[in-house]
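The values are calculated or read from the model by the stated rules, or taken from the named source; none is laboratory data. Since the model is a prediction, treat every value here as computed from it, not as a measurement. Quick reminder, even Gly has a Cβ in these numbers, built from the backbone with ideal geometry, and neighbours come from all protein chains shown. For the accessible areas, the whole protein counts, side chains as well, though only heavy atoms, and no ligand, DNA or RNA atoms are used. Shrake-Rupley method; radii C 1.70, N 1.55, O 1.52, S 1.80 Å.
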Amino acid sequence: FYGAEFIWNDVASSGTDLNITNGNLVSGPSRYPQSDWYSWALFTTWRKNWEERLTVQAGLRYNGFGLKADFSEDLDFYPFPFQTADLNNGALTGSAGIEWQPNEQWNVSTHFSTAFRSPNVDDIGKVFDSEPGSVVIPNPDLQPEYAYTAEIDIARRFGQWLELDVVAYYTLLQDALVRRSFQLNGADSILYDGEMSQVQAMQNAAQATVWGIEGRLEARLGGGFVFTSSVSYQKGEEELDDGSTSPL
């Protein structure tokens, strides 16, 4: 299998403030900068079956990304030390997997993959996103994040009425996109909407890990009834700039 893909987004955003006392409308800050975002990709996947018991699959994808954002219309409302953001990123990602079915009762598969995510307009340019005591501002220096994942899946069927499935996975994130404390013109807090708020922004962590295990049960009870149940446990951890770690 092979193919190509192209996506283009034209993001236009404007804001108005309504005076609920007299009904007057005035210009206000927009939610996002005026932006052009595009993505293009070439991809291929290869799949091979051996003796109906073993399946091997592998794939490659090259993706290019571009983003141009203009903040100039909001400089009257927010004192950003920048007017534009311009990103051009690209990455080659791949995956490989093997599925083995020794008999009708067992199915074992394993999968390895790499992934890449370039910052989008929401990541790099959201002009404001507040919660009590904090405000998130744009970060034009944001870089892409990469992920490397391995997983194994073991399934067991008992006759025609019960099936159990267990999956374990581990993901390593490099330059993970996380929200952290930030500064605006040297200040770590600003007066926002009448409240002193801590400045935050999306930033790149040194690295992060996510691992987990998931179990699933499916029982056919007869009479058209099926009982299903699942349970999962997941843990994430990110490395901070000073080498310490915190939950992700």
Show me the strands (runs of 3 or more DSSP E) found entirely inside region 150-248 where at least 3 residues are polar (S, T, N, Q). 195-204, 225-239
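Mind checking whether some residue in region 7-21 is within 30 Å of Asn107 (Cβ to Cβ), touching an Asp or Glu at 6+ places or on another chain (Cβ under 8 Å) and open to solvent by 40 Å² or more (accessible area, probe 1.4 Å)? Reasoning before the result, please.
Of the residues in region 7-21, the ones within 30 Å of Asn107 (Cβ to Cβ) are none.
Within region 7-21, none of the residues are within 30 Å of Asn107 (Cβ to Cβ), touching an Asp or Glu at 6+ places or on another chain (Cβ under 8 Å) and open to solvent by 40 Å² or more (accessible area, probe 1.4 Å).
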For a quick check of your reading of the model, give me the residue pairs whose first member lies in region 42-71 and is under 24 Å from Val11 (Cα atoms), whose second is at pLDDT 95 or above and among the aliphatic types (A, V, I, L, M), with beta-carbon atoms closer than 6 Å and at least 6 apart or on different chains. Asn63/Ala41
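Restricting attention to region 12-55, which residues are among the aromatic types (Phe, Trp, Tyr), over 30 Å from Phe116 (Cα atoms) and in contact with a helix residue (DSSP H, G or I) (Cβ under 9 Å, 6 or more places away or on another chain)? Even if it seems obvious, please write down each step before you answer.
First, the residues of region 12-55 that are among the aromatic types (Phe, Trp, Tyr): 32, 37-38, 40, 43, 46, 50.
Those left that are additionally over 30 Å from Phe116 (Cα atoms): 50.
None; the set is empty.
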Residue match in region 73-85 (condition: charged (D, E, K, R), over 20 Å from Val135 (Cα atoms) and either surrounded by 11 or more Cβ atoms within 10 Å (Cβ to Cβ) or at pLDDT 90 or above (or both)): no
Residue hits (region 29-62; open to solvent by 20 Å² or more (accessible area, probe 1.4 Å), over 30 Å from Asn103 (Cα atoms) and part of a strand (DSSP E or B)) are Gln34, Asp36, Trp37, Tyr38, Trp40, Leu42, Phe43, Thr44, Leu60, Arg61, Tyr62
Criterion: among the basic types (Lys, Arg), in contact with a Leu (Cβ under 6 Å, 6 or more places away or on another chain) and in contact (Cβ under 8 Å) with a residue 24 or more places away in the chain - qualifying residue of Arg216, Arg179, Arg156: Arg156
Looking at region 138-149, which of the residues that are out of contact with any Lys or Arg (no Cβ under 8 Å at 6 or more places or on another chain) and not in a strand (DSSP E or B) is surrounded by the fewest Cβ atoms within 10 Å (Cβ to Cβ)? Asp141
